[in-house]
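Worksheet: the structure to be examined is printed underneath.
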Amino acid sequence: MGYVRLPFRDGYYEVRPTKIVALAKNYVEHAKEMNDEPPDEPIIFLKPPSALIGPGNPIILPRKSKRVDHEVELAVIIGKRARKVPAEKAFEYVLGYTILLDITARDLQDEARKKGHPWTVCKGFDTFAPVGPRVVDKRELDPSDLEIGLKVNGKLRQIGRTSQMIFKIPELIEYISSIMTLEPGDIIATGTPPGVGPLRHGDKIEAWIEGIGKVEFDVLSEDSILC
Ligand code: MG
């Protein structure tokens with residue numbers, strides 16, 4: 001945990017972020033399904049690097065939650081230190097792209113929203129940031145209009161296109177790097193298209209993004225494993 005080795009170019013890249021910066025409500029249709037208005041400026045939160053897992057590891061449903069949802073997202077991996085980067089230079093700071101599932105304890109998020117508490121708990125459990133199947137070099141992929149989707153047990157749950165993002169990758173890098181320095185290996189999870197829904201013990205997730213590929217994860221309850 002904390003880092004994941006993924007295929008990259010002719011070898012491997014060790015994804016070892018100092019932080020995972022994630023976007024809330026960056027697709028209009030997802031904002032709607034959460035009964036929310038699309039935001040005027042990016043809304044960001046952090047997921048801890050300890051939540052990272054790679055292919056072959058299961059997503060664990062924690063005992064503390066009764067409802068854990070999937071959110072498939074295009075993940076941008078930063079290639080060099082980025083501080084106060086203007087949008088027009090943003091892609092110079094990108095290494096490449098992968099898929100990240102922003103796993104969310106929705107019941108704990110609802111509670112946090114009501115109480116005005118941060119999202120650290122609902123977004124931060126171990127295994128809540130699965131990534132894969134590989135890192136695609138930025139020179140090999142234009143991320144601006146790619147199909148993005150997710151199936152659970154073979155049934156389609158989420159489908160969209162990255163062109164439906166409210167704030168695009170250059171604006172996100174400009175905004176985030178105006179607040180916090182982005183380091184090589186840091187991840188930006190760019191938000192999820194509509195269709196988020198609950199996961200259960202024994203589920204099999206398939207997520208894909210055009211040009212990156214497909215990644216699969218099993219879902220297990222914390223009670224089903226010895227830990
Ligand atoms: Mg998300």
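Note on region 1-78: no enclosed strands (runs of 3 or more DSSP E) hold 2 or more residues that are more than 16 Å from the ligand (Cβ to nearest atom), open to solvent by 10 Å² or more (accessible area, probe 1.4 Å) and acidic (Asp, Glu).
Name the single residue, out of those in region 120-143 being part of a loop (DSSP other than H, G, I, E, B) and out of contact with any helix residue (DSSP H, G or I) (no Cβ under 7 Å at 6 or more places or on another chain), that is least open to solvent (accessible area, probe 1.4 Å). Result: 141.
Each residue in region 79-112 was checked for being under 16 Å from residue 195 (Cα atoms) and either of a type in the set (D, E, K, R) or more than 16 Å from the ligand (Cβ to nearest atom) (or both), and 2 of them qualify.
Going through (1) under 24 Å from residue 33 (Cβ atoms); (2) at pLDDT below 95 one by one, residue 143 falls short only on (2).
Residue check: residue 153 meets all listed conditions (1) within 16 Å of the ligand (Cβ to nearest atom); (2) open to solvent by 30 Å² or more (accessible area, probe 1.4 Å); (3) among the polar types (S, T, N, Q) but one, namely (1).
Taking the listed residues 169, 225, 209, 205, the one that is loosely packed, with under 15 Cβ neighbours inside 10 Å and aliphatic (A, V, I, L, M) is 225, with no other qualifying.
The values are calculated or read from the model by the stated rules, or taken from the named source; none is laboratory data. All of these numbers come straight from a predicted model, not from anything done at the bench. Positions of Cβ are backbone-derived with ideal geometry, glycine not excepted, and every protein chain shown enters the neighbour counts. When the accessible area is computed, the model is the full protein with side chains, heavy atoms only, and any ligands, DNA or RNA have been set aside. Shrake-Rupley method; radii C 1.70, N 1.55, O 1.52, S 1.80 Å.
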